[in-house]
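*Asks:* Below you will find the structure I want to go over with you.
The values are calculated or read from the model by the stated rules, or taken from the named source; none is laboratory data. Source: prediction; values computed, not measured. Quick reminder, even Gly has a Cβ in these numbers, built from the backbone with ideal geometry, and neighbours come from all protein chains shown.
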Amino acid sequence: MHHEFNYARLAACYNTPMIADSIRSADCLLGILTSVASAPALLTPEDWLELIFRDDIDENELPDNPSEEFDVLVQELIHWWFYCMSCFKEGKFSLPGHLAFDENGTVPQALKEFAEGYVIACEWSDDLWDAVVTDKDSMESGLRMAALTAMAQCVKEELRKKAGMPDLVARMVSAQTEDQGSDSALTLETLLYSVGNVGMALGQDSDETPEPYINPNRDVGRNDPCPCGSGKKFKKCCMHV
């Protein structure tokens with residue numbers, strides 16, 4: 001797991017009423033950012049931050065000055081986002097240990113919320129994918145559809161029994177419980193990594209695409225350069241978007 005991301009620190013932010021009442025669950029946010037990191041484009045926190053709020057929340061009614069806990073929450077999401085992009089580009093992707101199927105093959109609530117977030121961000125990023133994947137019969141399109149189908153089946157069990165639709169959850173449960181140890185095994189992490197890896201490759205067509213700023217040593221502080229790569233200080237940029 002990424003040395004900067006701390007799930008316990010993210011979860012602790014929900015002890016603040018404003019966050020608990022207005023922000024989607026921690027696991028839902030991880031699903032959102034995993035999907036966002038897979039997009040075939042270099043995005044910034046300003047692009048995706050709107051997704052973290054619950055649908056019934058009016059952002060205009062939120063306090064102008066975010067709490068310290070909100071700052072911490074955003075920092076942890078940025079850490080997770082960078083972790084995903086790094087893994088999709090360079091190596092194996094791992095989820096926090098609690099985001100796994102139960103031993104009896106059921107989908108626990110935490111994983112359902114993660115999957116819900118992934119689906120939300122998939123729908124949000126459709127235009128980005130459509131711009132670079134025009135062939136709906138291509139490997140790239142099929143892989144993304146498989147991930148979207150698997151996540152939808154995690155959220156709604158009845159979709160696993162729909163005629164003509166493969167039960168991808170059953171396949172992933174089997175791969176997880178049997179510990180096949182094969183690169184071809186359809187585990188949840190393998191599927192998510194594959195989509196992310198394809199998205200990263202599609203998004204790197206231009207050699208002029210700037211790399212986002214990444215602080216490898218410590219948390220993003222108020223006076224640090226903003227991780228979005230704008231060149232501004234964090235407190236003057238994405239911390240309050």
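*Asks:* Can you tell me which residues in region 25-49 are closer than 14 Å to L77 by Cα and either part of a loop (DSSP other than H, G, I, E, B) or at pLDDT below 90 (or both)?
*Replies:* S25, L43, T44
*Asks:* Only residues that are under 16 Å from V107 (Cβ atoms) and modelled with pLDDT under 85: list them for region 151-182, please.
*Replies:* Within region 151-182, Q176, T177 qualify.
*Asks:* Filter region 50-66 for residues that are modelled with pLDDT of 85 or more and in a loop (DSSP other than H, G, I, E, B); which is surrounded by the most Cβ atoms within 10 Å (Cβ to Cβ)?
*Replies:* R54
*Asks:* Just to be sure, is S86 over 15 Å from F114 (Cβ atoms), modelled with pLDDT of 90 or more, surrounded by fewer than 18 Cβ atoms within 10 Å (Cβ to Cβ) and hydroxyl-bearing (S, T, Y)?
*Replies:* yes
*Asks:* So, one more: Taking interchain pairs and intrachain pairs at least six residues apart, which have beta carbon atoms under 6 angstrom, with the first residue in region 72-94 and of a type in the set (S, T, N, Q) and the second outside any helix (DSSP H, G or I)?
*Replies:* Pairs that qualify, where the first residue is of a type in the set (S, T, N, Q) and the partner is outside any helix (DSSP H, G or I), are Q75/D219; Q75/V220.
*Asks:* Only one of A150, A115 is in contact (Cβ under 8 Å) with a residue 40 or more places away in the chain and either under 21 Å from W80 (Cα atoms) or in contact with a Pro (Cβ under 6 Å, 6 or more places away or on another chain) (or both); which?
*Replies:* A115
*Asks:* Something else now. Output the residue which, of all residues in region 67-95 that are in a loop (DSSP other than H, G, I, E, B) and not small (G, A, S), is farthest from A121 (Cα to Cα).
*Replies:* Looking at residues that are in a loop (DSSP other than H, G, I, E, B) and not small (G, A, S), I get K92.
*Asks:* Any residue at all in region 99-108 that is buried (at least 23 other Cβ atoms within 10 Å of the Cβ) and either in contact (Cβ under 8 Å) with a residue 40 or more places away in the chain or touching a Phe, Trp or Tyr at 6+ places or on another chain (Cβ under 6 Å) (or both)?
*Replies:* The answer is no, given that none of the residues of region 99-108 is buried (at least 23 other Cβ atoms within 10 Å of the Cβ) and either in contact (Cβ under 8 Å) with a residue 40 or more places away in the chain or touching a Phe, Trp or Tyr at 6+ places or on another chain (Cβ under 6 Å) (or both).
*Asks:* Here's a follow-up. Have a look at M172, M145, M151 and point out the one that is within 22 Å of the chain's Cα centre (by Cα), closer than 16 Å to L29 by Cα and not charged (D, E, K, R).
*Replies:* So the residue among M172, M145, M151 that is within 22 Å of the chain's Cα centre (by Cα), closer than 16 Å to L29 by Cα and not charged (D, E, K, R) is M151.
*Asks:* Follow-up. What are the pairs, 6+ residues apart or on separate chains, where a residue within region 1-27 that is of a type in the set (D, E) has its Cβ under 7 Å from a residue that is modelled with pLDDT under 95 and surrounded by fewer than 17 Cβ atoms within 10 Å (Cβ to Cβ)?
*Replies:* Final answer for the pair search is E4/D219.
*Asks:* Look at L49 and say whether it is without any contact (Cβ under 8 Å) to a residue 24 or more places away in the chain and out of contact with any helix residue (DSSP H, G or I) (no Cβ under 6 Å at 6 or more places or on another chain).
*Replies:* Here the answer is no, as L49 does not meet what is asked.
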